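Enquirer: Take a look at this one; I'll ask things after.
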Amino acid sequence: MEPLYRPEGVEQRWQRVWEEEGLYRAGAGRRLDQTYVICIPPPNVTGELHMGHALNGALQDTLIRCHRMRGFDTLWQPGYDHAGISTQNVVEKQLIAEGTSRQKIGRDAFVERTWDWLDQTGRTIMGQYRRLGASVDYSRERFTMDDAYVEAVMTFFVRLWERGWIYRANRIVNWCPYHQTAISDLEVEHVDMDDALSYVRYPFVDGNGSIMVATVRPATILADVAIAVHPDDVRYREAVGREVVVPVVERRVPVIGDHRVEPGFGTGALKVTPGHDPTDFEIGRDHDLPTLTVIGPDGRLIAEGFEGLDQAEADERVLDWLKERGQLERRESYRHSVGTCERCHSRIEPLVSPQWWCRMDELGGLAIDALRAQRVRYHPESQHRFAIESLQQAPDWCISRQLWWGHQIPVWRCPDGHLTCTWPPPDACGECGSGELERDPDVLDTWFSSALWPFATLGWPEQTPELSRYYPGDVNSTAREIIRLWENRMIFSGLFLLGEVPFTDVIIHATVLAADGRRMSKSLGTGIDPIEAVDKHGADATRYGLLKISSTQDVRFSWGAIEEGRKLANKLWNVARLLLQNAQQVTPSAQPRAIEERWILARLDATREQLEEAWSRFEFSGAAGALYHLTFDDFCDWYAEAIKPRLYDGDQDAAATALAALETLLALLHPVMPHVTEEIWLQLPHRKTRLILAPWPEPDSRFAGDLHALDRVQEAAQTFRRSGVQVELASADEARIFSAVVRPDRVQANGDVDAERQRLVKEIARAEGMLANTRFVDGAPAHVVEAEREKLARYKRELAALGDAG
């Protein structure tokens, strides 16, 4: 073994070897009939790896590698999402730079151009996953625009249509004026902006007074159809039922009462513009108000006399009209959150447009029932509750987009207006037999196709052997912002189409923030490329560091955690080198004769149990900490130091036991740090398999009685290192281990026993005081209270030991 471990080269070599030998493929190393399946959330085909991807990949790979070692038939399914608007945006920008546009080249040429671009530069993220050591089955890579996947998407739509759950209607949507398409809530980025709040008087029709309204969008006054006030607002009790005149257009509209009005905002009176505000749209629908549209798809005015004006120009014209007639009371600065398109940053226009919708009452009910029955469990529990609530509140799903890149909706219209929905494409109208058919130009929401990911990747709607074998799966892991957009939709799609939930557990992992607490973003200068971390410290260190900081809450990125991972890899390498150099021609075999050997074997087994329990609860941070403590403290600083004299003396039993213990340690570490452990495993004698396929350690309780055998020695070491006081130990073995590990003869220490006693007495009094405080015991987290109890017990043991200190 080289004196120093250098991950560069080693990690890339093992990635190549594992993949070339087929060890990532589904079924590799299978010893059980049980399957274990995770579908990687399909990244956008245009994307690059970010810290969220890296964290999620580390979580999933830990689970997959552990189950592969346990003999499960594992499948970690990779692939990409076509990312409709994201991909179209990139290609459109290229065309504009070339002096043309998608409209000029036409739909067919645009789609062909998009495919060419993807073939040249897309799908790069799998290479980055390889750099992280992600053991996905790369041979099964899928894409949501593959021919087989298109079959699945079309079949899904047709089956929803046949159930009567698809319909077309004019509803208000998030409209991007630049891309001229509806977009999902996830694609709306809310940005704080400075606007002006204009206070406008609407005179009563009878000429007796007026009602004042505050608005940030004067141009939309042209589409007002009512004024709404809260029914309990005493200021407007007499106004409800009367009529006012809308400025500029001088339209008579009613004053209505509605509980959705916020009395504390502005004047407490709300101008109702159903065509340009989501809340107003709901109010208008419930009160049978007309819906007027004065802003077109390009964001410019279409109202008579205002045609072609942008909204700023229209605002000025409306304000001028109000000023001339004395109906503009005042204007004041107003900072508020405004929805913008996350890709072009245009201000989103709430717009009523004809769209395709999917009813959510019955579909959503399928998922609600499964979640309530715990057939699918979100982790943590708070996200499980949110998942159910979001389904209960889910409006009908807008599934159409006015794009060219994506799955075109399988609905055809004949000259008589009859609609035919079928797949494969029909030759004639299903109602009148006309052969003149025109396909609906809209494409489907990206989330519509990705909802099929757990089974379309396995060949559905064909009943393939893979589908029978690997569906339903086990785990899905993602960020909380797509619970309602993706996770819930996969659940009800799987139940609707196959009668089974697609997975049983959903991990909602933390969002990785920048070190200063801001969100990671290239535009903000706070983004950190995970490949930068891999280049600096290696994939194993990066994986360990991300797992170490993982939690159910948002976490700040820490270079220190990754550096800790690098030190751990080096420590492991050094101890392995020590053992192998002193165990030539020795076969690994647990033959413990000394207390430290039985102790480390017990510690290894206890940590195995701890890891299995933590990973079963999807708690990765604690598992990473347990591996660090086992490796750095127990194995290297105590066990290896204690057996060094026997190794140097050529004790074959000690060497054989040390190699057996090292085998187990490598196996426990492998799911988190696969490369360095596989490299060391290769150096061990009599290797019959790669570590990636080696059996996970079996439970071994033979030495459980020695799990705490070194507690007194370790506490004595703490006392000595803290105070220089040597505690008299109970046995020759304890004294021998203390001397080998602590080496007191090399330390110039003048211990003050009385000072140490006084310190411990104070610590005992402090701990007893905290534990006597019922507010602390009842209110603090259980693990914090238990830690305090453990401290108190240790302080008392240390004080008792000082009774014989010299």
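Enquirer: Would you point out which residue out of Arg68, Arg131 is under 26 Å from Glu532 (Cβ atoms) and of a type in the set (Lys, Arg)? Steps first, please.
Expert: Values: Arg68 fails: under 26 Å from Glu532 (Cβ atoms).
None of the other options fit; the residue is Arg131.
Enquirer: Could you figure out which of (1) over 19 Å from Glu141 (Cβ atoms); (2) at pLDDT 95 or above; (3) buried (at least 22 other Cβ atoms within 10 Å of the Cβ); (4) not hydroxyl-bearing (Ser, Thr, Tyr) isn't true of Gln34?
Expert: (3) is the only condition that Gln34 fails.
Enquirer: In the range 402-427, which residues are polar (S, T, N, Q) and farther than 22 Å from Phe143 by Cα?
Expert: Kept after step one, since they are polar (S, T, N, Q), are these residues of the range 402-427: 402, 408, 420, 422.
Answer for the range 402-427, where residues must be polar (S, T, N, Q) and farther than 22 Å from Phe143 by Cα: Thr420, Thr422.
Enquirer: Scan the range 722-733 and tell me whether some residue there is open to solvent by less than 10 Å² (accessible area, probe 1.4 Å) and under 20 Å from Glu798 (Cα atoms). Outline the logic, then answer.
Expert: Residues of the range 722-733 that are open to solvent by less than 10 Å² (accessible area, probe 1.4 Å), as a first pass: 725.
Still in the running and under 20 Å from Glu798 (Cα atoms): 725.
The answer is yes; a qualifying residue exists.
Enquirer: Kindly indicate the residue of the range 488-526 that is farther than 30 Å from Tyr470 by Cα and crowded, with 16+ Cβ neighbours inside 10 Å and also nearest to the chain's Cα centre (by Cα) among those meeting that condition.
Expert: Step one: filter the range 488-526 for residues farther than 30 Å from Tyr470 by Cα, giving 512-526.
Imposing the further condition that a residue be crowded, with 16+ Cβ neighbours inside 10 Å reduces the set to 512-514, 520, 526.
Numbers: Val512: 9, Leu513: 12, Ala514: 16, Met520: 14, Thr526: 19 Å.
Checked the range 488-526; the qualifying residue nearest to the chain's Cα centre (by Cα) is Val512.
Enquirer: For the range 694-721, give me each residue that is open to solvent by less than 30 Å² (accessible area, probe 1.4 Å) and either over 22 Å from Pro592 (Cα atoms) or over 37 Å from the mean Cα position of the chain (by Cα) (or both). I'd like the intermediate steps shown before the answer.
Expert: Initially, the range 694-721 is screened for residues open to solvent by less than 30 Å² (accessible area, probe 1.4 Å), giving 694, 696-697, 703, 709-710, 713, 715-717, 719-720.
Ala694, Phe703, Ala709, Leu710, Val713, Glu715, Ala716, Ala717, Thr719, Phe720 - these are the residues of the range 694-721 that are open to solvent by less than 30 Å² (accessible area, probe 1.4 Å) and either over 22 Å from Pro592 (Cα atoms) or over 37 Å from the mean Cα position of the chain (by Cα) (or both).
Enquirer: Among Arg543, Arg577, which is assigned to a helix (DSSP H, G or I), open to solvent by 50 Å² or more (accessible area, probe 1.4 Å) and modelled with pLDDT of 95 or more?
Expert: On the way: Arg543 fails: open to solvent by 50 Å² or more (accessible area, probe 1.4 Å).
Exactly one residue qualifies, and that residue is Arg577.
Enquirer: Tell me, please, whether a residue that is more than 30 Å from Arg480 (Cβ to Cβ) and among the hydroxyl-bearing types (Ser, Thr, Tyr) can be found in the range 230-248. Break it down into steps so the answer makes sense when it comes.
Expert: Kept after step one, since they are more than 30 Å from Arg480 (Cβ to Cβ), are these residues of the range 230-248: 230-248.
Now narrow it down to the ones that are among the hydroxyl-bearing types (Ser, Thr, Tyr): 236.
Looking through the range 230-248, at least one residue is more than 30 Å from Arg480 (Cβ to Cβ) and among the hydroxyl-bearing types (Ser, Thr, Tyr).
Enquirer: So Gly266 ticks every box in (1) under 30 Å from Ile85 (Cβ atoms); (2) surrounded by 14 or more Cβ atoms within 10 Å (Cβ to Cβ) but one. Which box is left unticked?
Expert: (1)
Enquirer: In addition: Determine whether Phe618 is open to solvent by 10 Å² or more (accessible area, probe 1.4 Å) and over 25 Å from Asp505 (Cα atoms).
Expert: Numbers: open to solvent by 10 Å² or more (accessible area, probe 1.4 Å): yes; over 25 Å from Asp505 (Cα atoms): no.
In short, no.
Enquirer: Here's something else I'd like to know. Among the helices (runs of 4 or more DSSP H) contained in the range 609-714, which hold 2 or more residues that are touching a residue at least 12 places away in the same chain (Cβ under 8 Å) and farther than 30 Å from Glu20 by Cβ? Can you show your working first?
Expert: On the way: elements: 620-628, 641-648, 652-669, 674-683.
The qualifying helices (runs of 4 or more DSSP H) are 620-628, 641-648, 652-669.
Enquirer: I would also like to ask the following. Please go through the range 200-214 and pick out each residue that is open to solvent by 10 Å² or more (accessible area, probe 1.4 Å) and in contact (Cβ under 8 Å) with a residue 12 or more places away in the chain.
Expert: Kept after step one, since they are open to solvent by 10 Å² or more (accessible area, probe 1.4 Å), are these residues of the range 200-214: 201, 203-210, 212, 214.
Answer for the range 200-214, where residues must be open to solvent by 10 Å² or more (accessible area, probe 1.4 Å) and in contact (Cβ under 8 Å) with a residue 12 or more places away in the chain: Arg201, Pro203, Phe204, Val205, Asp206, Ser210, Met212, Ala214.
Enquirer: So is Thr46 part of a loop (DSSP other than H, G, I, E, B) and of a type in the set (Val, Ile, Thr) or not? Lay out the reasoning, then the answer.
Expert: Values: part of a loop (DSSP other than H, G, I, E, B): yes; of a type in the set (Val, Ile, Thr): yes.
Answer is yes for this residue.
Enquirer: Pull out all pairs, ordered by first then second residue, where Cβ-Cβ is under 6 Å, the residues are six or more apart or on different chains, the first lies in the range 69-93 and is open to solvent by 10 Å² or more (accessible area, probe 1.4 Å), and the second is among the hydroxyl-bearing types (Ser, Thr, Tyr).
Expert: Pairs that qualify, where the first residue is open to solvent by 10 Å² or more (accessible area, probe 1.4 Å) and the partner is among the hydroxyl-bearing types (Ser, Thr, Tyr), are Phe72/Tyr36; Ser86/Thr46; Val90/Thr46.
Enquirer: Any idea how many residues of the range 347-399 are touching a strand residue (DSSP E or B) at 6+ places or on another chain (Cβ under 7 Å), among the aromatic types (Phe, Trp, Tyr) and under 30 Å from Phe618 (Cβ atoms)?
Expert: 2
Enquirer: Another question, then. With respect to Asp258, determine if the residue is among the acidic types (Asp, Glu), farther than 27 Å from Leu186 by Cβ, surrounded by 12 or more Cβ atoms within 10 Å (Cβ to Cβ) and in contact with a Gly (Cβ under 6 Å, 6 or more places away or on another chain). Before you say what the answer is, go through the steps one by one.
Expert: Details: among the acidic types (Asp, Glu): yes; farther than 27 Å from Leu186 by Cβ: yes; surrounded by 12 or more Cβ atoms within 10 Å (Cβ to Cβ): yes; in contact with a Gly (Cβ under 6 Å, 6 or more places away or on another chain): no.
When the stated conditions are applied, Asp258 does not pass them.
Enquirer: Exactly one condition in (1) assigned to a loop (DSSP other than H, G, I, E, B); (2) in contact with a Pro (Cβ under 6 Å, 6 or more places away or on another chain) is false for Pro454; which is it?
Expert: For Pro454, the failing item is (1).
Enquirer: Within the range 495-540, can you find the residues that are assigned to a helix (DSSP H, G or I) and touching a His at 6+ places or on another chain (Cβ under 9 Å)?
Expert: First, the residues of the range 495-540 that are assigned to a helix (DSSP H, G or I): 495-498, 530-537, 539-540.
Matches in the range 495-540: Pro530, Ala539, Asp540.
Enquirer: So which of Arg566, Arg598, Arg603 is assigned to a helix (DSSP H, G or I) and touching a His at 6+ places or on another chain (Cβ under 6 Å)? Before the answer, list the steps.
Expert: Values: Arg598 fails: touching a His at 6+ places or on another chain (Cβ under 6 Å); Arg603 fails: touching a His at 6+ places or on another chain (Cβ under 6 Å).
Every option except Arg566 fails the conditions.
Enquirer: Check whether at least one residue in the range 138-156 is of a type in the set (Val, Ile, Thr), open to solvent by 40 Å² or more (accessible area, probe 1.4 Å) and touching a residue at least 40 places away in the same chain (Cβ under 8 Å), and report yes or no. Working first, answer last.
Expert: Step one: list which residues in the range 138-156 are of a type in the set (Val, Ile, Thr), which gives 144, 150, 153, 155.
Subsequent filtering for residues that are open to solvent by 40 Å² or more (accessible area, probe 1.4 Å) retains none.
No, that holds for no residue.
Enquirer: Quick one: would you say Thr422 is closer than 28 Å to Val173 by Cβ, of a type in the set (S, T, N, Q) and open to solvent by 30 Å² or more (accessible area, probe 1.4 Å)?
Expert: Values: closer than 28 Å to Val173 by Cβ: yes; of a type in the set (S, T, N, Q): yes; open to solvent by 30 Å² or more (accessible area, probe 1.4 Å): yes.
Considered against the rule, which asks whether it is closer than 28 Å to Val173 by Cβ, of a type in the set (S, T, N, Q) and open to solvent by 30 Å² or more (accessible area, probe 1.4 Å), Thr422 comes out as yes.
Enquirer: Name every residue in the range 715-729 that is outside any helix (DSSP H, G or I) and touching a helix residue (DSSP H, G or I) at 6+ places or on another chain (Cβ under 8 Å), in order of residue number. First the steps, then the outcome.
Expert: Quick first cut of the range 715-729, residues outside any helix (DSSP H, G or I) only: 724-729.
Result: Val725, Gln726, Val727, Glu728, Leu729.
Enquirer: Turning to a different aspect of this structure: Can you tell me which of (1) without any contact (Cβ under 8 Å) to a residue 12 or more places away in the chain; (2) outside any loop (DSSP other than H, G, I, E, B) is the one Gln584 doesn't meet?
Expert: Condition (2) is where Gln584 drops out.
Enquirer: Sticking with this structure for a sec: Quick one: in the range 404-451, of everything that is acidic (Asp, Glu) and part of a loop (DSSP other than H, G, I, E, B), which residue is farthest from Glu162 (Cα to Cα)?
Expert: Per the stated criteria, the residue is Glu436.
Matching residues to (1) modelled with pLDDT of 95 or more; (2) farther than 25 Å from Thr422 by Cα:
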{"residue": "Arg140", "(1), (2)": "yes, yes"}
{"residue": "Tyr149", "(1), (2)": "yes, no"}
{"residue": "Val153", "(1), (2)": "yes, no"}
{"residue": "Gln180", "(1), (2)": "no, yes"}
{"residue": "Val188", "(1), (2)": "no, yes"}
{"residue": "Asp192", "(1), (2)": "no, yes"}
{"residue": "Tyr199", "(1), (2)": "yes, yes"}
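The values are calculated or read from the model by the stated rules, or taken from the named source; none is laboratory data. A quick note: this is a predicted structure, and the numbers were derived from the prediction, not measured. Note: ideal-geometry Cβ built from the backbone for every residue, glycine included; neighbour counts use all protein chains shown. What goes into the accessible areas is simple: the full protein's heavy atoms, side chains included, and nothing from ligands, DNA or RNA. Shrake-Rupley method; radii C 1.70, N 1.55, O 1.52, S 1.80 Å.
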